Amino acid sequence: MLIPFFLRNRLVAGILTAAVGLSPTVVAPSIQVAHASAGVSSPLVRVLASGNDERQANLEAARMILEQGLTERNPDRRSEAAMALSLTRVENNPFPLLETAIADKDMYVQIATCATLAGLRDPRALPLLKQALASETPEVAFAAAKALYLQGDQEGKLALLDIATGERKAKSSYFSAQRRTMFRAMKTPGGFFRLAFRYGIGFAPVPGLGMGLSSLAGLLADANLSGRAQAIAALPPVKDDDTVVMLREALTDEDWTVRAAAVHALAMSDQTDVLGDLVPLFQDKKEAVRYRAAAAYLRLAVEPAKPPRQRDRKPSTPRRRRD
């Protein structure tokens, strides 16, 4: 359904007012400028002016929600945004956002980012993980090593072997003796991070295994998670209509953990028909819901790249032997 331009701008203004924290007095003048000029430098005006349709406007709003989430003062909110990014695809290019997150001063944000990068099978993830591997915080370096191993990177394997043995000669060790001493004293943080190590940064090098698992680990670690939400979050990819209907209804549940789990399940099931249902959640009061809804919208609005088609090789005809 096509929406008139002035109504579309009101829609985006409402989204940005509630979810991005901008007041109506800031948004309204920007809409007027968007009508007058598309060449202005303000990020908000560029969002409003560049939207040729409702989907484009929602895509820009979703990305802005995640950008703001990574700059929140509260590190728990920044961690939520980093975990939510595990629901995106590489086609969404989440790497500039993850570059911000991996450089965060908070250890827990960095570990959540490693868990997210573990599931994004793309060469752009490797430099960010190797940056984290060089961290002086052993928990961060360990998380990065596991993520690199999941990506099939040799440095991750060498780092994990070095951590496991710990007593190899300095000349053949990946880490310095001082850093290996730090690893021996390392303590695995509780809550989310035990689950992140278990679910989000697993050891089996299977393509796509880690996708969305950072988001799942964050949900399962929350002490407020209800039984219904846990059951929804643990669902395998959903295809049958009855279950999809149930999940769509769960998006408006009074329990925020149920809403967050439903967003996660629909995103991982690649249910593109629910895009319109996700937009109201851009205004949800709970960050865990809001960030996942934004990331899920980015994922579902963009088609995954098709793998290159391999040419069928014609069977070679055996050469005749000369007598």
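The values are calculated or read from the model by the stated rules, or taken from the named source; none is laboratory data. Because the structure is predicted, anything quoted here is derived from the model rather than measured. Glycine also receives a Cβ, built like all others from the backbone with ideal geometry; neighbour counts cover every protein chain displayed.
Some notes on this structure:
- Hey, K171 modelled with pLDDT under 85, in a helix (DSSP H, G or I), out of contact with any Lys or Arg (no Cβ under 9 Å at 6 or more places or on another chain) and surrounded by fewer than 11 Cβ atoms within 10 Å (Cβ to Cβ) or not: yes
- Within segment 236-251, at least one residue is assigned to a loop (DSSP other than H, G, I, E, B), touching a Lys or Arg at 6+ places or on another chain (Cβ under 9 Å) and over 19 Å from A82 (Cβ atoms).
- When each of A115, A101 is tested for being among the small types (G, A, S), at pLDDT below 95 and crowded, with 19+ Cβ neighbours inside 10 Å, the lone residue that passes is A115.
- Candidates A260, A217, A267, A223, filtered to the one that is over 20 Å from the mean Cα position of the chain (by Cα) and either hydroxyl-bearing (S, T, Y) or assigned by TED's automatic domain parsing to the domain that holds A84 (or both): A223
- Qualifying helices (runs of 4 or more DSSP H) (wholly inside segment 74-160; at least 1 residues being of a type in the set (G, A, S), under 16 Å from the mean Cα position of the chain (by Cα) and closer than 23 Å to A293 by Cα): 75-84, 95-102, 107-118, 125-133
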